[in-house]
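Asks: Okay, here's the structure, questions in a sec.
The values are calculated or read from the model by the stated rules, or taken from the named source; none is laboratory data. The structure displayed is predicted, hence computed values, not measured ones. We place every Cβ from the backbone using ideal geometry, glycine too, and count neighbours over all the protein chains shown. Accessible surface areas use protein heavy atoms only, side chains included; no ligands, DNA or RNA. Shrake-Rupley method; radii C 1.70, N 1.55, O 1.52, S 1.80 Å.
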Amino acid sequence: MRDYYLLTEDRRISRKVQPTGLPLEEGIEALLPVTVLEVRSEGSLTYPDWLDRPLYMLSDRMKSITAKYNLGIRWKRVDLIDRQQNDRNVYWIMQVPPVDALSAGSEFHQNGALKRMVLDYEKVKRHHFFSVQGILEPYIVVSLDAAESFLRRGLTGFVLQKVEIESGRQP
């Protein structure tokens, strides 16, 4: 059985770029095919490969790998321009199709937030990079294969947190 991981932000990175000015309430549909955002910096900023605020954004390098693991992802390009540093960085906002991935062993708080995530292996075994359907949180899950691809290439900005898996087969 393959392992799966939550892809979360690496909060240890200091001076990380914080894009602003995206129309969050309308979602990815409201964005132009290419959006340009000016980044204001006082000094040097870090541009990691994975950003999860204000929306999930991937560097060009990370996008090229991720696109191979899920052909159904919709992409919109965002160019981050820092005029002071004369710098331009290409990122991609993604809309990841959700997968009905939870097993009956998952637990929820009274307000509907996820308390304990347990994935059903039979439901996810063909997936490598996906969002989880039926939860409030916008979690992204990656297979061990995808995680190893990111790590081998030295991508930054994320932490992998192992997710509990149970077999969907009944005795």
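Asks: Which condition does ILE93 not pass, out of (1) open to solvent by less than 40 Å² (accessible area, probe 1.4 Å); (2) assigned to a strand (DSSP E or B); (3) touching an Asp or Glu at 6+ places or on another chain (Cβ under 8 Å); (4) at pLDDT 90 or above, if it passes all the others?
Replies: The failed condition is (3).
Asks: Oh, and also: Quickly run through the stretch 1-27 and pick out the residues that are closer than 30 Å to GLU122 by Cβ, of a type in the set (Val, Ile, Thr) and either without any contact (Cβ under 8 Å) to a residue 24 or more places away in the chain or open to solvent by less than 20 Å² (accessible area, probe 1.4 Å) (or both).
Replies: none
Asks: Sticking with this one: For the stretch 74-90, which residues satisfy the criterion of being among the hydrophobic types (A, V, I, L, M, F, W, C) and open to solvent by 20 Å² or more (accessible area, probe 1.4 Å)?
Replies: Selection gives TRP75, ILE81, VAL90.
Conditions tested, residue by residue: (1) more than 16 Å from VAL17 (Cα to Cα); (2) more than 20 Å from the chain's Cα centre (by Cα); (3) not aliphatic (A, V, I, L, M).
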position: PRO33; (1), (2), (3): yes, no, yes
position: ARG53; (1), (2), (3): no, no, yes
position: ARG61; (1), (2), (3): yes, no, yes
position: ASP82; (1), (2), (3): no, yes, yes
position: ASN86; (1), (2), (3): no, yes, yes
position: VAL118; (1), (2), (3): yes, no, no
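Asks: Looking at the stretch 81-90, which of its residues are outside any strand (DSSP E or B) and among the polar types (S, T, N, Q)?
Replies: GLN84, GLN85, ASN86
Asks: Of the conditions (1) touching a residue at least 40 places away in the same chain (Cβ under 8 Å); (2) open to solvent by less than 20 Å² (accessible area, probe 1.4 Å), VAL132 clears all except one; give me its number.
Replies: Failed condition: (1).
Asks: Going through ILE73, ILE65 one at a time, which residue ends up being modelled with pLDDT of 90 or more and touching a Ser or Thr at 6+ places or on another chain (Cβ under 6 Å)?
Replies: ILE65
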